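S.K.: Please read through the structure below; I'll follow up with questions.
The values are calculated or read from the model by the stated rules, or taken from the named source; none is laboratory data. Treat the numbers as computed from the prediction; the structure is a model and nothing was measured. Because the Cβ atoms are built from the backbone with ideal geometry, glycine has one as well, and the counts that use them run over all protein chains shown. SASA here: full protein model, heavy atoms, side chains in, ligands and nucleic acids out. Shrake-Rupley method; radii C 1.70, N 1.55, O 1.52, S 1.80 Å.
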Amino acid sequence: MRRRLGTQLISAVVANSGLAAPGLLPGLKACSYPFFNCYACPLAIGACPIGTIQHFAIIRRVPLLVVGFLGVVGSIWGRMSCAWLCPFGFVQDLLHRIPWPRRKLQVDTRRWSWVKYVVLAVLFLVIPYITLEPWFCKLCPAGTLEAGLPWVALSGTLRGLIGPIFWVKIAILAAFVLASVLLSRPFCRFACPLGATYGLANRWSRVQIEVDHDKCTSCGKCDKSCPMGLRPYLDVKSTDCIRCEECLGTCEHLKITSPKLPLGPAAEPARRTR
Amino acid sequence: MPTPERSSEQKRTSRWRGWPVLLFIGLALAGIFGHEAAEILLNATLLCLSCLGLGR
């Protein structure tokens, strides 16, 4: 867990290090992040893949470059970047570590995971295509946290332009912040269109988690460690698995497999992480 | 000593599975040659006020 938090922190800092490399900033924004990070953030150095795809939906073009890039990342690692790189996932992980006086919620993600595909199809693709407005960005809680709030805090001019949608954004962010304290990664489970896209690639990605079904006793220890509320021994290729490797530390019958090269011949046992 | 025959499971896992990566690399290259990087850069650089919930 500590190793993952460290990686997430480094990723969040690098993704938003605009002040450290102002000369490089304009050029880097032609490249998409492999994770969710608002490009309107005052310190962002790259482009948000979700905002970019939505922009292409509005201008009625297929974003081949971003789709290809996300496809390559997903086909190699699946949803791994959600667990190890995404700054908004990092914020949710930190929020969930806040102690809560009552028992925190345990929700079986599989029952509700279809919601993020509705968000992906409707709010992210169909409505922007029809209305020519980036409605997912308008409501995105990550955008509010990383761009809306910093810009309003930094600029008096922008503060004067606050409209009703801003307060809707704040309410959505507040709801996800509270939900993150009670439930691990609610945005990733039920709303993230990028996670939904990467999740599809979990089925064929080169990096996989495998269960030794001959030795698994279905004791359920791995369930308790899963931040996505999954049962790893039932479906390790689940579209909701973020490859965080938390379950590997609880059971010796789970292992992560990856090919030596992304295009190599076969997935083979690579390492055990405890 | 005779070589043990490979099971169907082993044959399946050893099948080359790198084709999705190649497919998506092709898509990305098509995007690069279609000058999509300039469009991405322009979109990412301009600050969209309505996306921030600012303005009407």
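S.K.: Could you give the dipole magnitude of chain A about its Cα centre, charging the beta-carbon of Lys and Arg +1 and that of Asp and Glu -1, in debye to the nearest 20? Numbers along the way, then the final one.
M.R.: On the way: 32 positive and 14 negative charges, 73 e Å.
In total the dipole reaches around 360 debye.
S.K.: Calculate the dipole size of region A:45-198 relative to its Cα centre from +1 charges on Lys and Arg beta carbons and -1 charges on Asp and Glu beta carbons; express the result in debye to the nearest 20. Each step should come with its number before you reach the end.
M.R.: On the way: 15 positive and 4 negative charges, 86 e Å.
Value, rounded to 20: 420 debye.
S.K.: Could you tell me the distance between the Cα centroids of region B:26-51 and region A:141-184, to the nearest Å?
M.R.: What the calculation gives is 25 Å, centre to centre.
S.K.: Let me check against my output: what whole-number percent is the relative contact order of chain A, with C-alpha pairs under 8 Å and at least 6 apart? List each step's numbers first, then the result.
M.R.: On the way: 438 pairs, mean separation 58.2, N = 274.
Taking the mean separation of contacting Cα pairs over the length of chain A, I get 21 percent.
S.K.: Residue by residue through region A:28-41, which ³J(HN,Hα) values in whole Hz follow from phi under the Karplus form 6.51 cos²θ - 1.76 cosθ + 1.60 (θ = phi - 60°), with glycine and proline marked x?
M.R.: 5, 5, 6, 9, 8, 5, x, 9, 8, 7, 5, 7, 7, 4
S.K.: Hey, what's the Cα Rg ratio for chain A versus the globular rule of thumb, 2.2 N^0.38 Å? Write down the numbers at each step before the final one.
M.R.: Numbers: Rg = 19.1 Å, N = 274, 2.2 N^0.38 = 18.6 Å.
It is 1.03.
S.K.: Let me ask something additional. Compute the separation of the alpha-carbon centres of region A:185-215 and region A:25-66 and state it in Å as a whole number.
M.R.: Cα centroid to Cα centroid, the span is 23 Å.
S.K.: Near the amide H of A:Ile162, under 5 Å away, which other amide H atoms are found, from residues 5 or more places off or on another chain, if H is placed in the peptide plane?
M.R.: Under 5 Å from the amide H of A:Ile162 lie the amide H atoms of B:Gly55, each far enough along the sequence or on another chain.
S.K.: Tell me, what ³J(HN,Hα) does each residue in region B:21-33 have, in order and in whole Hz, if you take phi through Karplus 6.51 cos²θ - 1.76 cosθ + 1.60 with θ = phi - 60° and put x for Gly and Pro?
M.R.: Couplings: 4, 5, 4, 6, 4, x, 4, 4, 5, 4, x, 5, 6 Hz.
S.K.: Quick one: which residues, 5 or more positions from A:Ala47 or on another chain, have an amide H under 5 Å from its amide H? H modelled 1.01 Å from N in the peptide plane, none for Pro or chain starts.
M.R.: Amide H neighbours of A:Ala47, under 5 Å, 5+ apart: A:Cys31, A:Ser32, A:Tyr33.
S.K.: Report the label-to-label distance for A:Leu105 and A:Lys224 in nanometres (one decimal), using points 7 Å from each Cα along the Cα→Cβ vector.
M.R.: About 2.2 nm separates the two model spin labels.
S.K.: Under a plain spin-label model, where a point goes 7 Å from the Cα along Cα-to-Cβ, how far apart in nm are A:Trp167 and A:Leu149?
M.R.: Once both label points are built, they end up 1.9 nm from each other.
S.K.: Give the residue list of trypsin sites (Lys or Arg not before Pro) in region A:100-158 that are DSSP loop and have at most 14 other beta-carbon atoms within 10 angstrom. Please report the intermediate quantities before stating the final value.
M.R.: Numbers: sites: A:Arg102, A:Arg103, A:Lys104, A:Arg110, A:Arg111, A:Lys116, A:Lys138; in loops: A:Arg102, A:Arg103, A:Lys104.
Here the sparse-neighbourhood loop sites are A:Arg102, A:Arg103, A:Lys104.
S.K.: Order B:Ile32, A:Ile162, A:Ile256, most accessible first, counting only protein heavy atoms with a 1.4 angstrom probe. Mind showing how you got there, number by number?
M.R.: On the way: B:Ile32 90, A:Ile162 55, A:Ile256 5 Å².
Most to least solvent-accessible, the answer reads B:Ile32, A:Ile162, A:Ile256.
S.K.: Tell me, what is the 1.4 Å probe accessible area of A:Asp214, in Å² to the nearest 10?
M.R.: A:Asp214 has an accessible surface of roughly 150 Å² with all protein chains in place.
S.K.: Separation between the A:Val115 and A:Leu43 pseudo-spin-labels, each 7 Å from Cα along Cα→Cβ, expressed in nm?
M.R.: Label at A:Val115, label at A:Leu43, 3.0 nm between them.
S.K.: Under the 0.36 nm per residue contour assumption, what length would be gained going from the current alpha-carbon distance of A:Arg3 and A:Leu200 to full extension? The partial results should precede the final answer.
M.R.: Details: separation 197, 0.36 × 197 = 70.92 nm, distance 2.61 nm.
That pair, A:Arg3 and A:Leu200, stretches by 68.3 nm at full extension.
S.K.: Between the helical axis of A:2-15 and the dominant principal axis of chain A, each derived from Cα atoms, what acute angle in degrees is found, rounded to the nearest 10?
M.R.: Result, in degrees: 30.
S.K.: Additional query: Kindly state, to the nearest 0.05, the FRET efficiency for A:Lys237 paired with A:Leu132, given R0 = 45 Å and r defined as their beta-carbon distance.
M.R.: Calculated value: 0.75.
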